[in-house]
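J.: Shown below is the structure under consideration.
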Amino acid sequence: SNTYKIAYNRLIADWKKYQQSTNKAVNYMVKEFEMKKAAAAHSRSKQDKSGIIDPLKLHSYKYNDDIFKRLTITPDGKNHGLMMFIDWSGSMGDKLTATIHQLMNLTMFCRKVGIPFEVYAFSNNTSYKTDYSRWELKKQDLDENDLFPKPKYQEGDISVDTHLVLFNLISSKMSAKEYDTGMLNLYHLSVLYERYIYRSRRSYQNMDYSDDWKYDLHDAPRGYDLSSTPLNDTIMAAMKM
């Protein structure tokens, strides 16, 4: 609808404005990181034998084994990698907007300094797999495997919540275009969860209605609703990942 198009254009403009405002903080993070990385690399630098004989030390070979030239080896400090997991559960409802914004800052930082990263939201909301209204079948006619995978556990196994889902929201493997789309989608989600706070706040205060366009945006996709907290299951999955 035309109303939605107007709201979506407002979302894009709002995202670009947020992106510009947060760039200053991200650039400061980059500066701090590079300084600390250089300091850490300097403190871990060491001298090592080069394997090349030093003619100036050759005269001492009878009483000194160390007749080789030395090299100073400085680590390059490029062995970082980040995996981030966001709690996509009901108790996060009023905190999710700020958490998503912090996450976006971290991914922007990682891209600027060349650190690989993966971002997952953990949830056990599998409603997107159990939409029977789209099927001309009754629930009892469906095979369980059509709904969600069921691992076959052996004696002594530790079971994992069969409803566990990890949404790979954004990744350093994405192209620049995919990353931009992913960030806009994340910002869209942050606005959706901001609406709840905005609605409750507006009911108590005499506020202007300039943010009402947020109510014309599409809601989150099926399965992205906040559910409970499969944290232990996520930790187990994260070990292999």
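Bear in mind these aren't lab numbers, they're just calculated from the coordinates by the rules spelled out. Since the model is a prediction, treat every value here as computed from it, not as a measurement. All Cβ positions, even for glycine, are placed from backbone atoms using ideal geometry, and neighbour counts span all protein chains on display.
J.: Rank-order 228-234, 118-124, 215-221 by packing density, defined as the average count of other C-beta atoms within 10 Å over each peptide's residues, highest first. Present the calculation step by step, with values, prior to reporting the outcome.
T.: Details: 228-234: 17.0, 118-124: 21.4, 215-221: 13.1.
Most protected by this proxy first, the peptides run 118-124, 228-234, 215-221.
J.: For each pair in Lys16/Lys173; Lys5/Lys214; Lys24/Lys112, compute the distance between the two Cα atoms and list the pairs where it is over 20 Å.
T.: Pairs exceeding the cut-off: Lys16/Lys173.
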